[in-house]
Amino acid sequence: MNAATGKKILLVDNDAAAAAALTTFLEGHDYHAQTVTNYQQAITAVQNWKPDLVILNILMQSFNPLDFLNELKKNPFTETQKVIIFSQTPKTGIVTGPSPKVCGYLTKPVDFEALKAVLLKAAPPKEGRQQTVMVADDDTEFSDLVKMFLEANNYRPVVVNNSAAILDVLRSEEPDALLLDIMMPGKDGFEIMEEMQESSDTAGIPIIVVSGLRLENYQERGILTGLPEIVSREIPGDLLLKLIEEQTAPSQAQGASPVGSEPQKAPRLRVLMADDQTELLLLMKEMIEYAGFEVITANDGVEAMTAVFETNPDIIVLDYNMPRKNGLEVAQDLKNNPLFAHIPIIIVTAFGEKHAKLKGLSMGIDDYLIKPVDADELVARIRMILKRNKQVLDTNPLSKLPGNPSIQARVEREIQKGGTFAVLYLDLNNFKAYNDIYGFEAGDRIIKATANLLVKLTIQNENSEDFIGHIGGDDFIVVTSYERSEELAKRIVNSFDEIAPSFYSKADRERGHIVATDRQGNIQKFPFLSIAIGIVHNSTRPLQSFAHVSNIGTELKKGAKAASNKSHYIVDRRKD
């Protein structure tokens, strides 16, 4: 029997010709294909038609495909949907063909050394004139990094994040070179390049394409999406069929442990449920326990308050209409108590009363459900809220990166897994002196820029398995594979040194240093900010605990700080 028989493939594509060709190809191999062209149709089709696989055109313009993928991931009912990226366009030849129309093609995360080399060819320095480079990219964080790089290398950057404004700004600014992202909402880079060629004002501007897409190439994990990705001029039949067969093959049983290993039993999260309808309460308790939670029950509002004090639950589900104290009254008491104000609360009610909902939401209630409650939906909402709450509680307010609890949990998890891994401990050099001269507000901008740089270089897409945390102050941590660690450290130190001069005034850049007092009160010259990295790994000797990792990392980081005035990293080469 043909493995494709009966398999449903949803095509999300507004290119009618490409979608028709792909439909013919798929149906010729016994797949059942359906095409949708807009965001709402795509979401509805995934939920109702339940396809075995979604094939998404990442270059479509009717909506942002990344928003669609994010919505699938956020929705508990669609988060497991299989998706691959396939975009068929003859326009890739403009960039990668035998006679490309561009001066350079760089893929994200950008190697600043490679960008510098391409810029020197596209816009060579001119005596007595600062070259203008325009950056056209809807990714504002990436644009900020490139702007810092350009300023540090004496270019005048002009940043445009709105694709509709690019041509007008090109005509008004007349840049010496254009850095152009291919994938932008509203109008993609291919269309912009075509329009530039139609006007004598813009036809001669050198173009450097910077993209997260690998054109004419297959990526097992695309940079932008983390999904299997093909962007090509033609349908690569055999490769596409093989990929579809792999993605639609029956999954292995969930929860299976590797052979010879003991499953790790994480502590169960605790749910407090309060409802005066005893039979319904017991039924819901059984369903939620079956989903893996520990459940405590209460039959009225007063019992619920007592249970909160005694058990400190992770989340509370309250019936609105209970004797002695109703759900909103319990919620109000808890939100007014600093010990329990952080606990998320779901209110369950038989009424759709607008006034009660508004009052609850103003108090900080996390969700409302109308009876009769579907057990699967309740479990999905509990999981979603707990995940969101954990992220909020453990997020550094400045960098928005996970804090120390998540850092320790991630390192300990890697140790328990038993595989090889590496931890990068990162610290900024000369940060106190910079703060003293430029002020804490400027210092905060450095912390944000450093976090942004680490994210762009480390987390290439939402499916990345790497981890970045903010220990506090100017200290960060990255958990990655051992094989990737040293190359990643090189990219971080090189990229940081490229953007560091942009943090200083023109006068300080020309001097190459600042004058400030050290920790002992002595006046000194301080070189520019740099980054020190210590790489801890377990490829040559075991790591026993988080404290063990932290001690080695601190030691290596101190060595890196003392080694050079520039950014520097040290790898632990010891074997015992």
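Tabulated results
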item: Number of positions in the range 123-158 that are modelled with pLDDT of 90 or more, within 14 Å of Val210 (Cα to Cα) and of a type in the set (A, V, I, L, M); result: 5
item: Residues within the range 552-576 that are under 24 Å from Gly472 (Cβ atoms) and surrounded by fewer than 12 Cβ atoms within 10 Å (Cβ to Cβ), tallied; result: 1
item: Residues being closer than 21 Å to Ile492 by Cβ and not polar (S, T, N, Q) - total across the range 433-452; result: 9
item: Odd one out for Gln520, checked against (1) within 29 Å of the chain's Cα centre (by Cα); (2) assigned to a loop (DSSP other than H, G, I, E, B); (3) closer than 27 Å to Tyr434 by Cα; (4) of a type outside the set (Gly, Ala, Ser); result: (1)
item: Matching helices (runs of 4 or more DSSP H) fully within the range 1-79 where at least 1 residues are out of contact with any helix residue (DSSP H, G or I) (no Cβ under 9 Å at 6 or more places or on another chain) and farther than 28 Å from Thr92 by Cβ; result: 39-48
item: Top-ranked residue in the range 164-190 [being over 22 Å from Leu119 (Cβ atoms) and either within 22 Å of the chain's Cα centre (by Cα) or not hydrophobic (A, V, I, L, M, F, W, C) (or both); ranked as surrounded by the fewest Cβ atoms within 10 Å (Cβ to Cβ)]; result: Asp168
item: Test: residue in the range 346-363 that is surrounded by fewer than 19 Cβ atoms within 10 Å (Cβ to Cβ), at pLDDT 85 or above, of a type in the set (Val, Ile, Thr) and more than 30 Å from Ile514 (Cα to Cα); result: no
item: Count of the range 44-71 residues which are surrounded by fewer than 17 Cβ atoms within 10 Å (Cβ to Cβ) and β-branched (Val, Ile, Thr); result: 1
item: Residue that is modelled with the lowest pLDDT [pool: residues in the range 391-410 that are of a type in the set (D, E, K, R) and either under 16 Å from the mean Cα position of the chain (by Cα) or more than 15 Å from Val549 (Cβ to Cβ) (or both)]; result: Asp394
item: Residue satisfying all of: in the range 415-463; in contact with a strand residue (DSSP E or B) (Cβ under 9 Å, 6 or more places away or on another chain), over 16 Å from Val549 (Cβ atoms) and small (Gly, Ala, Ser); surrounded by the most Cβ atoms within 10 Å (Cβ to Cβ) among these; result: Ala433
item: Pick from the range 252-283, criterion among the charged types (D, E, K, R) and exposed (fewer than 10 other Cβ atoms within 10 Å of the Cβ), ranking: modelled with the highest pLDDT; result: Glu279
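The values are calculated or read from the model by the stated rules, or taken from the named source; none is laboratory data. All values reported here derive from a predicted model rather than from experimental measurement. All Cβ positions, glycine included, derive from the backbone under ideal geometry; neighbour counts span all protein chains shown.
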